[in-house]
Amino acid sequence: MDVAWIALSLVERIGGKTFRALLDHFGDPARVLTADDRSLRRVPGIGPTMSARIQAVDVQAVAQLLPRWQQAGVQIATSNEAVYPARLREIEDAPPTIFYRGDSLNLPEKTAAIIGTRTPSREATTRATEIAMQLSESGYTIVSGLARGIDYLAHQGAMAVPSGRTFAVLGSGVLNIYPPESERFAAGIGKRGCLLSEFHPQAGPSPSNLVARNRIITGLSDVVIVVETSVDGGAMHAARFARAQGKPIYTYASAATGNAALLADGALPLPENLSQL
């Protein structure tokens, strides 16, 4: 396990593109972490703030944390390892490191993201559950973000199917479940798929983390289904990531302003027969 790689990937706001630019320039993470400010700032995208963050990295502290995380059930996959999901490696800003808890990080042939508002209507509540169950019965793994509302219902619908599998992508660390009331439910997801995050395993949620994890939700998925959202809802971030990644986006006509905006912008109407996805 490359501790320098993991330590560098945990630098605040480093992102996959900047991480790769550093590797292209220096060759390996250990050389990045021993570089001086002048050398670091030769790399496009590295300014004084990022340079200072990189120089402040304590590799030994990360090395001491690794066995504690592993004892707590955390597994680690870096983007240069075979265990790292191939679909995710293909996206523009793929996270350099994934921390996960669960039975496997392996994805089957078919995956679907099911996302939407934290405050769904009665119709959307029913639809989210039914869509997740039908797709699970057809062999899809359901990917969502463990948020209240549609995300929770998507995971729950998948787990209601005996063979159903689901992945929860967190905007916090995998040892700091958010929302906290879902901790027991999250443990169940870990037995039927996995919990994963690019963030420090003990990190708390933040608005930027919650937005960033959307690119992972869509990156892991073959199709993206927005069940219900307002035009300024978090699911619209996911839709933008999905569009940039070339993933098909499905929704249906409803009173929700986001659904209407997505359809007007080229999203596909969700078919009655989900086998047509």
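Summed over the range 40-63, residues that are under 25 Å from the mean Cα position of the chain (by Cα) and charged (D, E, K, R) total 1. Cβ-Cβ contacts under 8 Å between residues 6 or more apart (or on different chains), taken from a first residue in the range 227-254 that is farther than 19 Å from residue 142 by Cα to a second residue that is among the acidic types (Asp, Glu) and crowded, with 22+ Cβ neighbours inside 10 Å, are listed as 254/228.
Listed conditions (1) part of a loop (DSSP other than H, G, I, E, B); (2) touching a Phe, Trp or Tyr at 6+ places or on another chain (Cβ under 7 Å) are all met by residue 139, apart from (2).
Looking only at the range 1-39, which residues are among the polar types (S, T, N, Q) and under 27 Å from the mean Cα position of the chain (by Cα)? Result: 9, 18.
Close contacts from the range 13-28, counting a first residue that is closer than 15 Å to residue 93 by Cα and a second that is at pLDDT 95 or above and among the acidic types (Asp, Glu), with Cβ to Cβ under 9 Å and a gap of 6+ residues or different chains, come to 16/198. A single member of 170, 210 is within 29 Å of residue 274 (Cβ to Cβ) and surrounded by 21 or more Cβ atoms within 10 Å (Cβ to Cβ), and it is 170. Here is the figure for the range 246-261: residues that are out of contact with any helix residue (DSSP H, G or I) (no Cβ under 6 Å at 6 or more places or on another chain) and either part of a helix (DSSP H, G or I) or among the polar types (S, T, N, Q) (or both) total 5. The number of residues in the range 105-135 being assigned to a loop (DSSP other than H, G, I, E, B), surrounded by 14 or more Cβ atoms within 10 Å (Cβ to Cβ) and either of a type outside the set (Val, Ile, Thr) or in contact with a Cys (Cβ under 6 Å, 6 or more places away or on another chain) (or both) comes to 7. When the range 263-277 is filtered for residues that are surrounded by 15 or more Cβ atoms within 10 Å (Cβ to Cβ) and closer than 23 Å to residue 138 by Cβ, the ones remaining, listed by number, are 267, 268, 270, 274, 277. Checked against (1) closer than 21 Å to residue 245 by Cβ; (2) among the acidic types (Asp, Glu); (3) out of contact with any Lys or Arg (no Cβ under 6 Å at 6 or more places or on another chain), residue 93 passes all but condition (3). Among the residues that make up the range 64-84, is at least one of them within 20 Å of the chain's Cα centre (by Cα) and among the charged types (D, E, K, R)? Yes, there is a match, as at least one residue in the range 64-84 is within 20 Å of the chain's Cα centre (by Cα) and among the charged types (D, E, K, R). When the residues of the range 1-24 are filtered to those that are closer than 15 Å to residue 47 by Cα and out of contact with any helix residue (DSSP H, G or I) (no Cβ under 9 Å at 6 or more places or on another chain), the one that is modelled with the highest pLDDT is 21.
Hey, any hits in the range 226-240 for a residue that's part of a loop (DSSP other than H, G, I, E, B), among the hydroxyl-bearing types (Ser, Thr, Tyr) and more than 20 Å from residue 131 (Cα to Cα)? Scanning the range 226-240, I find no residue that is part of a loop (DSSP other than H, G, I, E, B), among the hydroxyl-bearing types (Ser, Thr, Tyr) and more than 20 Å from residue 131 (Cα to Cα), so the answer is no.
Given the structure, is residue 232 farther than 21 Å from residue 9 by Cα and more than 16 Å from the chain's Cα centre (by Cα)? Yes. Examine the range 96-104 for a residue that is within 30 Å of residue 224 (Cβ to Cβ), of a type in the set (Phe, Trp, Tyr) and touching a His at 6+ places or on another chain (Cβ under 9 Å), and state whether such a residue exists. Scanning the range 96-104, I find at least one residue that is within 30 Å of residue 224 (Cβ to Cβ), of a type in the set (Phe, Trp, Tyr) and touching a His at 6+ places or on another chain (Cβ under 9 Å), so the answer is yes. In the range 80-94, the qualifying residues are those that are in contact with a Ser or Thr (Cβ under 7 Å, 6 or more places away or on another chain) and either among the polar types (S, T, N, Q) or in a loop (DSSP other than H, G, I, E, B) (or both), and the one that is farthest from residue 31 (Cα to Cα) is 84.
The values are calculated or read from the model by the stated rules, or taken from the named source; none is laboratory data. This structure is a prediction, so every number in the text was calculated from the model and none was measured. Note that we place each Cβ from the backbone using ideal geometry, even for glycine, and neighbour counts take in every protein chain shown.
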